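Each remark here refers to the structure printed beneath this line.
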Amino acid sequence: MTTDTGGTPKDRSSWIKAGLIASLALNLLFIGASARAFWHHSHGPDGHRGDDAGLLGFVRQLPDDRQKLVSDDIAAAREAIRPLRRTVKDAWSEANTVLTAEPFDKDKYKAAMDRLTEAEGRFKAAIAASLADTAAKLTPEERVKLQGWREKRRPHIFGRHGRHDGSGRHDGSGRGGREDGKAGDKD
């Protein structure tokens, strides 16, 4: 009694080769996608390193002779703000610890959240002061570039799809439309 193994050994060999090639193609596709994701995570979508994050990313738009001066000021401001950032992180951790402690103490949690809010306020105020100092050293044309750079990074405070119409008012509907019901540009 013999069993049919699905063809001649030559037929099985070609199926195995095809399977190995397909497996290799999938592995290369996965490796390529992983490498691309790593590159974009560490270098950003524009190909520059992540250490240019924040305001230093704007500096690349300035003329070469102005970049060093402005980037040195920004780096010094970052160092001055670093302790405030650490305070925010510590306050955040403290609030999370209090949140999960048993028995839950609402007053203690509220106090921890108040400290976090204060720390965030001091941190944001220092950033705003640093940005104002930087803007004061820029030419009018450079300030226009800074405004454009900031506009691209505007946080979506009122929702993902809400939009500002330039008047300081915000749609907030999540539809990206205008108050008069007409279609408008989305963010």
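Based on this model, can you work out whether F38 counts as surrounded by 10 or more Cβ atoms within 10 Å (Cβ to Cβ), modelled with pLDDT of 60 or more, over 30 Å from R153 (Cα atoms) and within 28 Å of the chain's Cα centre (by Cα)? Here the answer is no, as F38 does not meet what is asked. A single entry from R150, R160 fulfils the requirement of being out of contact with any strand residue (DSSP E or B) (no Cβ under 6 Å at 6 or more places or on another chain), basic (K, R), at pLDDT 60 or above and under 23 Å from G54 (Cα atoms): R150.
Residue-by-condition table, conditions (1) modelled with pLDDT of 50 or more; (2) within 22 Å of the chain's Cα centre (by Cα):
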position	(1), (2)
A126	yes, yes
L131	yes, yes
E141	yes, no
G168	no, no
R175	no, no
K182	no, no
K186	no, yes
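Considered as a group, the residues in segment 71-88 that are among the charged types (D, E, K, R) and exposed (fewer than 13 other Cβ atoms within 10 Å of the Cβ) include one that is farthest from V59 (Cα to Cα), and that residue is R86.
The values are calculated or read from the model by the stated rules, or taken from the named source; none is laboratory data. On a predicted model such as this, the values are computed, not experimentally measured, just so you know. A quick note on method: Cβ atoms are made from the backbone with ideal geometry, for glycine too, and the neighbour counts reach across all protein chains shown.
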